[in-house]
Amino acid sequence: MKTFYTLLLLFLVSLSASAQLWPQPVQLEPQGREVRAVWYCTVVGLDWPQNQRATDAASAERQKQMLRRDFDRLQEAGINVILFQCRTRGYVCYQSDYETWDGIFSGKNGVAPPYDPLQFAIEEAHKRGMELHAYMVTYPLMYANQVKQLGSKCVVASHPELCQKCGDRWYMDPGMPGTADYLAKLAKEVTEKYDVDGIHLDYIRYMEKEVGFNDNVAYKKYGNGQNKAQWKRDQVTECVRKIAAAVRSVKPWVKLSCSPVGKYSDLPRAKAGGWNARDAVSQDAQLWLKENIMDWLIPMLYFDGKNFYPFVANWQQESYGHVIVPGLGVYLCAPDQKNWTGEAITRQMQVSRQIGCQGIGFFRTKFLLDNHKGVLDFTREFFSQPALTPASTWLDNVPPTAPDVTAELQPGFVVRLRWNAVSDTTPIVYNVYHEYPDGRTEMLAHHLKTTNYVYAPGICTSVYDKLYVRAMDAYGNESPLVPVQLEREVKAAPEIPHVPGM
């Protein structure tokens, strides 16, 4: 541990000594895997749809176009995962059998827009080779005055025994046995109805003490004399366990992630200041990795200095072979927030990659795209190489069969690749790679659902470089590397006979 912190300190000092505004990015290994995520928030329209309301075909198209523009810019910046908020505070933005529509899309709670926003977002993300994870707020619900406006498709009305009113707001009670079952039902519904790549849980914890949540009612009824702090952690863990089981019963490859409070617990050399995941809000997130009921953690590390670096190192050291994606508070660079320098965020990106974290998350989309302090510009350079997300080898590590690929050289030094569809127990996509003569590789295309690809390098000699087509299952496992062989060669130009005097 001492050696690790010494190395980390030396790395930070070296970055501080740089005279450049943006230190040279720590490069990802060729064909390395990395999560590059953004939270895309729909609550009160924060990131989307902002002030656009969809009441007819024309206004729905304007709303859709906003999302397309955002996704284009995110793709250009190298983002490969969209955490799309589809359950806000007891409302949803998809067709649900259990909860009602969030009015942020149509302009009125309980009223559906003229299209399905979640389905549309999934299609647009997949067109760009990006994953879409359904981001669901768990325990917090709507305000009391909103409950009165809704009918039976409101959890406060349909399951009042699971809910508690604190001030002017409602919350689900983690200590009530039915709460975990209800949330698992919602996650299963999304997984069944939609082609999501993951389920992302927010607020999967007890509320901070300032809320005034009464945890004694459930504890007195169901605690059975257990230590109260441990009992509360057990209730949240049981909820995660049931959600994971529900999701995996439908599509076992769908990733489960959450955004825990940024500091897991007090560390021997760094105190959390009374605000941590395990002890302050009963969120035993590192245990969830150990038990394989969570695949990724995206901790909310919206701090800097001694409140960031020791804690990000701790998350990575206690990953149990799973994926740690530090969630960075890019919003803090905005002048009306904390007006951080851009270098504060870019150093966190550098260090996170350097110590082996398998990704970066940004909270939230609008602040990244607004390019406060040039962070978006740096991000484009930092993510200049395309990357797949890490394979979920703890769930399945068996690669699919390699496709049988044929390659035909066509006029203009164009190579047309064709291959057979690979059968597997999960959906299959295909990735195409090019290997240069010096051994360097590049990903030409990824997440293809078709069985053909045209390679037009623009340099005639490059058509003889090695090409590979790899099948990839939904867990992220790729088939073995099998070089593609050209079916026919380019014919040499006929020799022109020498004519004396010419």
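The values are calculated or read from the model by the stated rules, or taken from the named source; none is laboratory data. Keep in mind that this is a model prediction, so the values were computed, not measured. For neighbour counting, all protein chains shown are included, and Cβ atoms are generated from backbone atoms with ideal geometry for every residue, glycine included. The accessibility values were calculated without ligands, DNA or RNA, using every heavy atom of the protein model including side chains. Shrake-Rupley method; radii C 1.70, N 1.55, O 1.52, S 1.80 Å.
Some values worked out for this structure:
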{"item": "Whole-angstrom gap from segment 388-411 to segment 199-235, using each part's C-alpha centre", "result": "44 Å"}
{"item": "Karplus 3J(HN,Hα) series, Hz, for segment 367-372 with 6.51 cos²θ - 1.76 cosθ + 1.60 (x for Gly, Pro)", "result": "5, 5, 5, 6, 6, 4"}
{"item": "Nitroxide proxy distance, nm - points 7 Å out along Cα→Cβ at Ala58 and Glu161", "result": "5.1 nm"}
{"item": "Within the accessible area of segment 251-398 (1.4 Å probe), percent carbon and sulfur", "result": "47 percent"}
{"item": "Segment 209-220 - phi-based ³J(HN,Hα) in whole Hz, Karplus 6.51/-1.76/1.60, Gly and Pro as x", "result": "4, 5, 5, x, 5, 8, 8, 6, 4, 5, 5, 4"}
{"item": "Using alpha-carbon coordinates, inclination of helix 57-76 to the longest axis of the chain, degrees", "result": "70 degrees"}
{"item": "Isotropically averaged projected area of segment 184-312, using the convex hull of Cα atoms (one quarter of hull area), nm²", "result": "9.1 nm²"}
{"item": "Contour excess over end-to-end distance, with Cα ends at Asn216 and Trp275 and 0.36 nm allotted per residue", "result": "19.2 nm"}
{"item": "(1) 0.99; (2) 1.02; (3) 1.05, with the label sought being that of the calculated Rg/Rh (Cα atoms, Kirkwood Rh)", "result": "(2)"}
{"item": "Heavy-atom accessible area per residue - the chain, 1.4 Å, Å²", "result": "43 Å²"}
{"item": "Helix 342-354 vs. the chain, principal-axis angle (Cα, 0 to 90°, nearest 10)", "result": "70 degrees"}
{"item": "Gain in span if fully extended, Gln149 to Ser249, counting 0.36 nm per residue against the direct Cα distance", "result": "32.5 nm"}
{"item": "Extension reserve of the Gln337-Gln485 stretch, reckoned as 0.36 nm per residue once the Cα distance is removed", "result": "47.6 nm"}
{"item": "Exposed-site-free run, longest, the chain (rule: trypsin sites (Lys or Arg not before Pro); DSSP loop; at most 11 other C-beta within 10 Å)", "result": "1-268"}
{"item": "Of Lys209/Lys271; Lys366/Lys466; Lys108/Lys185; Lys251/Lys290; Lys188/Lys232, pairs whose Cα-Cα distance is over 29 Å", "result": "Lys366/Lys466"}
{"item": "R0 of 45 Å, Cβ-Cβ distance Ile459-Gln50: FRET efficiency to nearest 0.05", "result": "0.50"}
{"item": "Helix-only CD estimate at 222 nm, as mean residue ellipticity for the chain, using -39500 (n - 2.57) per DSSP H run (n ≥ 4)", "result": "-9000 deg cm²/dmol"}
